[in-house]
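Chemist: Here's a structure for you.
The values are calculated or read from the model by the stated rules, or taken from the named source; none is laboratory data. These numbers were taken from a predicted model, which means no experiment stands behind them. Using ideal geometry, Cβ is built from the backbone for each residue, glycine included, and neighbour counts are taken over all protein chains shown. Keep in mind that these areas ignore ligands, DNA and RNA; they rest on the heavy atoms of the full protein, side chains included. Shrake-Rupley method; radii C 1.70, N 1.55, O 1.52, S 1.80 Å.
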Amino acid sequence: MTYLAKPRLHHPSLARNKACHTRRDYEGRVSTLCAGCGHDSISAAIIQACWELDVEPHKVAKLSGIGCSSKTPDYFLGQSHGFNTVHGRMPSVLTGANLANRELLYLGVSGDGDSASIGIGQFVHAIRRGVDMVYIVENNGVYGLTKGQFSATADQGSTSKKGVVNADTPIDLAGLALQLGASFVARGFSGDKAQLVPLIKAAIAHRGAAFLDVISPCVAFNNHPGSTKSYDYVREHNEAVNRIDVIAPREEIVVDFAEGELLEVAQHDGSLLRLRKLHAGFDASDRIAAMTYVQERQAAGEVVTGLLYLDPEAEDLHRHLRTSATPLNRLQADRLCPGADALARINARLR
Ligand SMILES: Cc1ncc(C[n+]2csc(CCOP(=O)(O)OP(=O)(O)O)c2C)c(N)n1
Ligand code: SF4
Ligand SMILES: [Mg+2]
């Protein structure tokens, strides 16, 4: 982690959102990542999304594992709660924190090595359990922090900077999240902020497991010609299936979509997602069709981006476990410990 603090001087004329914060209030410390790293653009998109949604920084918990990507929570939302876990263990720590206090917005930030290699067991169970969270994988197809080994999302046949060829089949995390039952699945590109900011806003508004696979080129180890995670490749092969706009509750609804089919989806929190279809044949409410489409286009060498799947009626882990609506740290002793009589009744039922 870096210890470079940014000066907290605010120009009095800086615009403030409805939570009375300037955009700078959502920043963190100065990034120590390589200049041009895609991860910094994702941090900037998270800052923009939280500012536009009037998120209260003290109501956010940022959790991450280990990696350049997992360092980034230090570079945004400096006034939020943060927990940097062990490599690949972010999902279980996030699940525990979420069960203890459902009133925070849980933002899990991870890398392709963190989530698809060492942490894949943790990743799949957090998604299939429907933990209410925004889970972002900053996917560069490489272990950036440890100097360029292939991760489990590296393309088969791709060549590392040192000339080694990857023989293994890649894992497509967005396809996996669809198969595992995630109720919100999207793919973005760190170099397309206009698409990424609304995707993050929509994921924040979603109640349930929201998964975002963001292609985020590593300029030090995997940005060479032939890498499908390079800036040039994604720019040339980016297949955006839709564009979305998020309208927060009580915000004035202004119609500004001129072309393409427009779909409006209401979310649990009262926000409205406006989905402008760019591909007539793509339906973001059909999980199986989305899985097939992503695989078909991938086989053709394209990178499908946009909102891939959304279930606006999704349930989450709290609903499945019927947990207390009051966070555990606010339950009084009599509710936390129901007493000897209640224990005797439970034991009697088990005899
Ligand atoms: C238990 C454990 N195993 C291995 C490591 C070494 N290690 C640190 S980061 C990392 C890979 C990070 O890759 P990724 O999650 O893709 O993040 P990136 O740096 O590419 O953003 C590895 C293998 C570790 N820190 N802890
Ligand atoms: S090594 Fe790669 S992933 Fe890490 S900061 Fe540099 S460009 Fe980013
Ligand atoms: Mg990586």
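Chemist: Identify which of GLY78, GLY130, GLY157 has the largest mean-square fluctuation in a Gaussian network model of the chain, with springs joining Cα atoms closer than 10 Å.
Modeler: GLY157
Chemist: Could you tell me the relative contact order of the chain? Use alpha-carbon pairs under 8 Å, at least six residues apart, and round to a whole percent.
Modeler: For the chain, the relative contact order is 15 percent.
Chemist: Now for a separate question. Apply the Karplus curve 6.51 cos²θ - 1.76 cosθ + 1.60, θ = phi - 60°, to the phi angles in the range 102-107 and return the couplings in whole Hz, x for Gly and Pro.
Modeler: Listing the rounded values in order: 7, 8, 9, 8, 9, 10 Hz.
Chemist: Work out from phi, with θ = phi - 60° and the Karplus expression 6.51 cos²θ - 1.76 cosθ + 1.60, the ³J(HN,Hα) of each residue of the range 144-159, listed in order in whole Hz, and give x for Gly and Pro.
Modeler: Along the range 144-159, the couplings run x, 4, 9, 6, x, 6, 5, 9, 6, 9, 5, 5, 5, x, 6, 10 Hz.
Chemist: Placing +1 on the Cβ of each Lys and Arg and -1 on the Cβ of each Asp and Glu in the chain, which of LEU308, THR326, LEU178 has its Cα farthest towards the positive end of the resulting dipole?
Modeler: THR326
Chemist: Apply 1/(1 + (r/R0)^6) to the Cβ-Cβ distance of ALA342 and HIS125, taking R0 = 25 Å, and write down the FRET efficiency to the nearest 0.05.
Modeler: Efficiency for this residue pair is about 0.25.
Chemist: Quick one: among VAL124, VAL185, VAL164, which has the greatest mean-square fluctuation in a GNM of the chain with alpha-carbon springs under 10 angstrom?
Modeler: In this elastic network of the chain, the residue with the biggest mean-square fluctuation among VAL124, VAL185, VAL164 is VAL164.
Chemist: Could you tell me the center-to-center distance, by alpha carbons, between the range 47-87 and the range 208-251 in angstrom?
Modeler: Using only Cα atoms to place each centre, the spacing works out to 19 Å.
Chemist: Going by amide H atoms built from the backbone, whose H comes under 5 Å of the H on THR305, apart from near neighbours?
Modeler: Here the answer is GLU239, ALA240, VAL241, since their amide H atoms fall under 5 Å of that of THR305.
Chemist: Ok, one more. Any idea which of HIS58, GLY38, SER69 is furthest toward the positive side of the dipole for the range 15-95, if Lys and Arg beta-carbons carry +1 and Asp and Glu beta-carbons -1?
Modeler: HIS58
Chemist: Something else: Mind jotting down the distance between the C-alpha centroids of the range 163-177 and the range 274-290, whole Å?
Modeler: For the range 274-290 versus the range 163-177, the Cα centre distance is 25 Å.
Chemist: May I pose another question? Looking at the range 1-143, send over the antiparallel percent of its DSSP beta bridges, to the nearest 5.
Modeler: Roughly 5 percent of the DSSP beta bridges within the range 1-143 come out antiparallel.
Chemist: Further question on the same structure: Which percentage, to the nearest 5, of the DSSP beta bridges contained in the chain is antiparallel?
Modeler: 40
Chemist: Same structure again: Would you compute, from DSSP H runs of 4+ residues alone, the mean residue ellipticity of the chain at 222 nm, taking -39500 (n - 2.57) per run and dividing by the full residue count, rounded to the nearest 500?
Modeler: Result for the chain: -8000 deg cm²/dmol, rounded to the nearest 500.
Chemist: Where does each of 15-23, 135-143 land if you order them by average Cβ count within 10 Å, highest first?
Modeler: Working: 15-23: 13.7, 135-143: 29.0.
Descending mean neighbour count gives 135-143, 15-23.
Chemist: From the square roots a ≥ b ≥ c of the eigenvalues of the alpha-carbon gyration tensor of the range 1-121, which class results: rounded (a/c under 1.5), prolate (a/b over b/c), or oblate? List each step's numbers first, then the result.
Modeler: Values: a/c = 2.30, a/b = 1.40, b/c = 1.64.
Since a/c reaches 1.5 but b/c is at least a/b, the shape of the range 1-121 is classed as oblate.
Chemist: What nm distance separates the two modelled labels at CYS34 and VAL164, each placed 7 Å from Cα along Cα→Cβ?
Modeler: 1.6
Chemist: Suppose every Lys and Arg Cβ carries +1 and every Asp and Glu Cβ carries -1, with no other charges. What dipole size does the chain come out with about its Cα centre, to the nearest 20 debye?
Modeler: Around 1300 debye, computed over the chain.
Chemist: Could you identify which residue out of LEU307, LEU173, LEU33 has the top mean-square fluctuation in a GNM of the chain using Cα springs shorter than 10 Å?
Modeler: LEU33
Chemist: Name the chymotrypsin sites (Phe, Trp or Tyr not before Pro) in the range 2-98 that are in a loop by DSSP and that have at most 16 other C-beta atoms within 10 Å, would you?
Modeler: Numbers: sites: TYR3, TYR26, TRP51, TYR75, PHE76, PHE83; in loops: TYR3.
Taking the range 2-98 and a limit of 16 other Cβ atoms within 10 Å, the loop chymotrypsin sites (Phe, Trp or Tyr not before Pro) found are TYR3.
Chemist: While we're looking at this one, here's another question. Only four residue types carry charge here, +1 at the Cβ of Lys and Arg and -1 at the Cβ of Asp and Glu. Report the dipole size of the range 49-186 about the Cα centre in Debye, rounded to the nearest 20.
Modeler: For this selection, approximately 380 debye.
Chemist: Might you tell me the accessible area per residue for the chain, computed with a 1.4 Å probe and given in Å²?
Modeler: Dividing the accessible area of the chain by its residue count gives 48 Å².
Chemist: Next question. Could you give each residue of the range 43-55 its phi-based ³J(HN,Hα) in whole Hz, using Karplus coefficients 6.51, -1.76, 1.60 with θ = phi - 60°, and x for Gly or Pro?
Modeler: 4, 5, 5, 5, 4, 4, 4, 5, 5, 5, 8, 6, 5
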